[in-house]
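Derivation of every value follows stated rules applied to the coordinates shown; laboratory data play no part. Model, not experiment: these values are computed from the prediction. Counting neighbours? That spans all protein chains shown, and the Cβs are built from the backbone with ideal geometry, glycine included.
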Amino acid sequence: MDIEMFRHYCLSLPGTTEDVKWEENLCFLIENKIYVIYSLTKGSFAIKCDVEEFQELVSRDGITQAYHMAKGSWIGIADLEVLPWNELKKRVAESRGIILSKLPKKIQAKYTE
């Protein structure tokens, strides 16, 4: 998988916007809240995860606690090849869902199916 496929998938999720932050990070956001940070220079990225899955995820090769992010809830993934495509899509959608769930109910309602 390459960054364009990844970008296309992220932008296909309802309400997603993108922005470059800190000069080198492509960020995908919902309602101006980041749910993916992709390093354009390193090819690594960070996503939010369920705290219950954090330990299991960081025990896997290529996955660590995300640098400078909330402990136990953001994971850093070395590159787009660490996870199979289906699992990567699932994890990105979950990250978006976690961020969305913390927003006001009125905003959440805009994205319910």
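Numbers for the structure displayed
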| quantity | calculated |
| --- | --- |
| Residue-wise HN-Hα coupling along the stretch 38-53, computed from phi with Karplus coefficients 6.51, -1.76, 1.60 (Hz; x: Gly, Pro) | 10, 7, 5, 8, 9, x, 8, 8, 10, 9, 7, 9, 5, 4, 5, 9 |
| Cα centroid separation, the stretch 14-54 to the stretch 97-113 (Å) | 17 |
| Loop-located chymotrypsin sites (Phe, Trp or Tyr not before Pro) in the stretch 1-103, at most 16 other Cβ atoms within 10 Å (DSSP) | Trp22, Tyr67 |
| Where trypsin sites (Lys or Arg not before Pro) fall in DSSP loop in the stretch 26-113, at most 13 other Cβ within 10 Å | Lys42, Arg60, Lys71, Lys102, Lys110 |
| GNM result for the chain, Cα springs below 10 Å: residue of Ser44, Ser73, Ser59 fluctuating most strongly | Ser59 |
| Pairs of lysines in the chain (C-alpha under 14 Å apart; 8 or more residues apart or interchain) | 8 |
| Computed E for Val51/Ile3 - FRET, C-beta separation, R0 25 angstrom, nearest 0.05 | 0.35 |
| Neighbour-limited loop hits for GluC sites (Glu not before Pro), the stretch 4-34 (at most 13 other Cβ within 10 Å; DSSP other than H, G, I, E, B) | Glu23, Glu24 |
